[in-house]
Structures are given as structure tokens and as C-alpha cells.
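Chemist: What follows is a single structure, and I will ask about it in a moment.
Please treat every number below as a calculation from the coordinates, not as lab data. Because the structure is a prediction, the values reported are computed rather than measured. Reconstructed Cβ throughout: ideal geometry from the backbone, glycine too, with neighbour counts over all protein chains shown.
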Amino acid sequence: MTTTTKQVNDSNVNVLPFQGVLNFRDMGGYETIDGRKVKRGLLFRSAELTGMTESDRELFASLGIKTVFDYRDDKEAELKPDPLFDNVANVRVPAMNQPHNTGDIREMLKSDLFRNMSVETFADMYVQMAIDNASFKKLMSLLQESESLGLLHHCAAGRDRTGIGSAFILLALGVDRETIIEDYLISNVTLVSMNEKMKEQLAGLLDEEQMERLSAMFQLRREFMEAVFGAIDTKYGDTNSFLEQEFGLDADKRSALQDRCLE
């Protein structure tokens, strides 16, 4: 399907003007395969929330969010806790089996992930994270509860773990895969300032080869999400079987979900 260039444009990509939170987006606006559109104001995605300013808190309170779903591990959440809001449920189920690096760049540079980083290893990491993951299963369970909407899901930068979760939400709603990939790649734009700031901070610590490797880590590639979709097709055969077997979203439940979230 080739609708992506029409769909992923300035009118559909709704990046909200938070001062202390990056990559905060309303996931609404995308057209589904059956011609409906994802409603705005129901589903949101973002980076970590700990940097919220007072005006950010006011903006957040205006969005009608009832559930904040956090993919981060214990250490990440302890160092950078989510703010609390009245009448908002905070749910956290770590999406990664191994503790995620929380900001000690020297530790990251010594890690096997950094030394062995390649497009292939990153794609493998996505596949391992995506399939049979309690975090995404909980996310998709919440998605089916009308009282949990509006729902915000986030990780540290709102790109990898949140990117996979967003893909699963949009698949369930009937958005085509190419559009989902293009939506995923938007984080390459919304996180430019964060990536450049980190590169500046590390310029004196890394040699040229390490800087190139780090820059590659910052760049999201369509191959990562394509690897997830390939794994889905290999294990389950198609999207419908994946959604039903992985998340219990049979045809009736998926239809009910779409009726709530589409217009």
C-alpha cells in the first residue's frame, strides 16, 4: 500500500508543544485500511515525563489522559519518576528483559550492545522484545478497556519500546504497515535535539569510530520494524492471527476496539 506519503505529513503528525517532554504525540489522524480514521485525543505516545514544567502539567491535564503506561525498568523509573496526576492511573511493566541503560554513557560504551551494534543486532533486539512480551500484552489489555482511554504510553525516548507498542496499537486499529513504519520513523525528527546534545557531550570522550557507531544507534531504521513484521508473519502467518494469539484480540474484540477508537 502506498498511502503513506499522504498520511504521514504535517496535518496528521500531531506533536504536542510540551517544554520538558520530547516526542509527545497524539496518535490519531491516520486512515485505516477500511477508510476510517484513528480518533484524536484517545491515544498518546512520548518520551520520559520527569522533566515536565508547570505549563506542561497544565497541558497534560487538558488532554483527558486516564492511564499512563510506562515501559521502563525499575532503575529507570527510580532515577526519573513519572509525575503523578489526580485521577490518572500509572501502570508500569518493563518491556526489556535486561535492565536498560539509564544514562551512564561510560557504562554503555563498555557494553556488548555498543561494541557489537549493527543493523542486524538492533533488528534482532526488536524481534526478541516484540514477541511474547508481558509489557505489550498488558498494554493491549488496557487498550481494550474503555475506562483506560485516553492512554499515554512511553519509555525513555519514546522511540524503541514505545515504537513497538505504537505499531501494535495501530495494527489492531487497522492501519497499514507502511504507514506504521513511517510513523515510527518520525522519532528521527522529533529527537534530533536530544541526539545532537548527547553527541556534543560525548565528542571529547569518543574516537571517530565510536562516534559513528553512536550515531548509528541514534538512527531509527525501517529495517527494525520490518524485522518485527517479518517475525510476526513467520510465527503467526498474518496480522490477524498474531493479534488474536498474542493479545486475545479475536475478530469481535478487535471490531469493538475499532468502533471505540475510529471515526
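Chemist: Compute, for segment 206-263, the length of the dipole vector about the Cα centre, with Cβ point charges of +1 (Lys, Arg) and -1 (Asp, Glu) only. Units Debye, rounded to 20.
Modeler: Its charge dipole is roughly 200 debye.
Chemist: Also: Excluding ASP73 itself, what net charge comes from residues whose Cβ is under 12 Å from its Cβ, given Lys and Arg +1 and Asp and Glu -1?
Modeler: Net charge around ASP73: +1.
Chemist: Zone of GLU58 (label point 7 Å along Cα→Cβ, backbone N under 18 Å): which residues in segment 84-98?
Modeler: Taking a point 7 Å out along Cα→Cβ of GLU58, the residues of segment 84-98 whose backbone N falls under 18 Å are 85-86.
Chemist: Using a Cα-Cα cut-off of under 30 Å, which lysines could be cross-linked to LYS75, ignoring same-chain neighbours fewer than 8 residues away?
Modeler: LYS66, LYS110, LYS137, LYS138, LYS197, LYS199
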